[in-house]
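Bear in mind these aren't lab numbers, they're just calculated from the coordinates by the rules spelled out. This is a predicted model, so every value here is computed, not measured. FYI the Cβ positions are ideal-geometry reconstructions off the backbone, even for glycines, and counts take in every protein chain you see.
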Amino acid sequence: MSRSDEPVLSMEDVEVHFEESEGFLGGMFSEPDLVRAVDGVDLEIGTNEVVALIGESGCGKTTLGKAAIGLQEPTAGSVKYRGQDIWEARRNEEKADIPYGEIRRSLQIIHQDPGSSLNPNERVISILAKPMKIWEDDLSAEDRKARIHGMLERVGMSPASDYAQRYPHQLSGGETQRVALVRALLMNPDVILADEPISALDVSLRVDMMELLLDLQDQFDTSFLFISHNLSNARYLAEKTGGTIGIMYLGEIVEKGSADEVLNDPQHPYTKALRWATPNIHPDSADNGELPVRDIDIPDPIDPPSGCRFHTRCPEAREVCQEETPGLEPVTAESDRLSACFRPREDHEYWSSQPITDEERTSDSASNRGATVD
């Protein structure tokens, strides 16, 4: 798999904060709460690479994905396509090294529910021809038709002449997802954000769709930013491609590395909890005992816990975890594998700190309940 030294997409210290509406009367008498959906994330995506972001609902992974492809402007930090800041290009295209239009074409998305993004009143061929008319207006109608038919055949929708004339409601869930994939690929993108692209499909179709994604990725030299709450799906894609898995919790990436490293030897307690909750990751050696996470609600991103954000739920947390925020650092000096936890650091004061009691956890999390983002 070919990868250039320069990343196609790079995110540096990205934050995305939202003001949460409190209704008409609430907004008159108080400042709106600030939801920290994404809070200081660094991420790079190389050529023909798969990066899978995994986490519970509300961890901010979809918001981060939309920021990555220019659909959500970050509150702070930078998002760059081949070294060009996306939002600077949008605000001042004449001075940009890469025009904003080219950036938008190069960064595409496949939604979790593709049917909602397809016009129900248009046939498939019309839906697929629209972006081509904008970006490739030099093509004749016959050339567009031939290319669309060729792409439909390539994703297994045969005979293409039949599927091209159908309306979205005449397609199955898997076929609708394939149309959305074709629409993205017709733009010859460098990166596709695949936001839970198979979660709505029957289990029997999920492997077929993932195999199709990987086959087309190789053919078109496209990178995927794959978002899911399912570790099994992430493992399948990352292992097949030598890609990267990033684990998100409460707006932060807490662990990142290869599928083998992250899933076979997790270094962050939250990754261990996700692995424990996915028994088919290692069915022959499933973890025994209780779920390795405290039975406390996920904290509110409006007011995240101090120190390590996972400490209110972490069975391994100690007092230093309440006070000091662990950075996302290499597990060893020679490793590219990253973890935001003190435990891999043998000389850290964590090891001399006192364990947190259940009463302290409850007190820490009492005011952190409710709001979620994704």
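Out of residues 5 or more away from Ala194 or on other chains, whose amide H comes under 5 Å of its own, with H placed 1.01 Å from N in the peptide plane?
For Ala194, the qualifying residues are Ile110, Leu225, Phe226, Ile227.
State the antiparallel share, in %, of DSSP beta bridges confined to the chain, rounding to the nearest 5.
Within the chain, antiparallel bridges account for around 60 percent of the total.
What FRET efficiency, computed as 1/(1 + (r/R0)^6) with R0 = 30 Å and r the Cβ-Cβ distance, is obtained for Ser126 and Lys240, rounded to the nearest 0.05?
That pair, Ser126 with Lys240, gives E of 0.30.
Based on the Cβ-Cβ distance from Asp143 to Glu20, what FRET efficiency comes out when R0 is 45 Å, to the nearest 0.05?
About 0.40, to the nearest 0.05.
Quick one: Karplus J couplings for the range 323-335, per residue in order, coefficients 6.51, -1.76, 1.60, θ = phi - 60°, nearest Hz, x for Gly and Pro?
10, 10, 8, x, x, 7, 10, x, 5, 10, 4, 9, 9
Whose amide H sits under 5 Å from the amide H of Arg82, counting only residues 5 or more places off or on another chain, with H placed in the peptide plane?
Leu9, Ser10
For the range 42-131, calculate the relative contact order in percent as a whole number, restricting contacts to Cα pairs under 8 Å that are 6 or more residues apart.
14 percent
Mind listing the long-range amide H neighbours of Glu20? Cut-off is under 5 Å, sequence gap 5 or more, other chains count too, H placed in the peptide plane at 1.01 Å from N.
Long-range HN contacts for Glu20: Asp33, Leu34, Val35.
Is it possible to state the helix-based mean residue ellipticity at 222 nm for the chain, with each DSSP H run of 4+ residues giving -39500 (n - 2.57), the sum divided by total residues, to the nearest 500 deg cm²/dmol? What is it?
-9500 deg cm²/dmol
In percent, how large is the relative contact order of the chain, given Cα pairs closer than 8 Å and 6 or more residues apart?
RCO, the chain: 19 percent.
Where in the range 115-149 does the label zone of Gln165 land, with the point 7 angstrom along Cα→C-beta and an amide N cut-off under 18 Å?
Hits in the range 115-149 for Gln165 at 18 Å: 121-129, 142, 145-149.
Take the alpha-carbon positions of the chain, form their convex hull, and give its projected area averaged over all directions (one quarter of the hull surface) in nm².
The orientation-averaged projected area of the Cα hull of the chain comes to 22.2 nm².
List nothing, just return the count: lysine pairs in the chain, 8 or more apart or interchain, with Cα separation under 28 Å.
22
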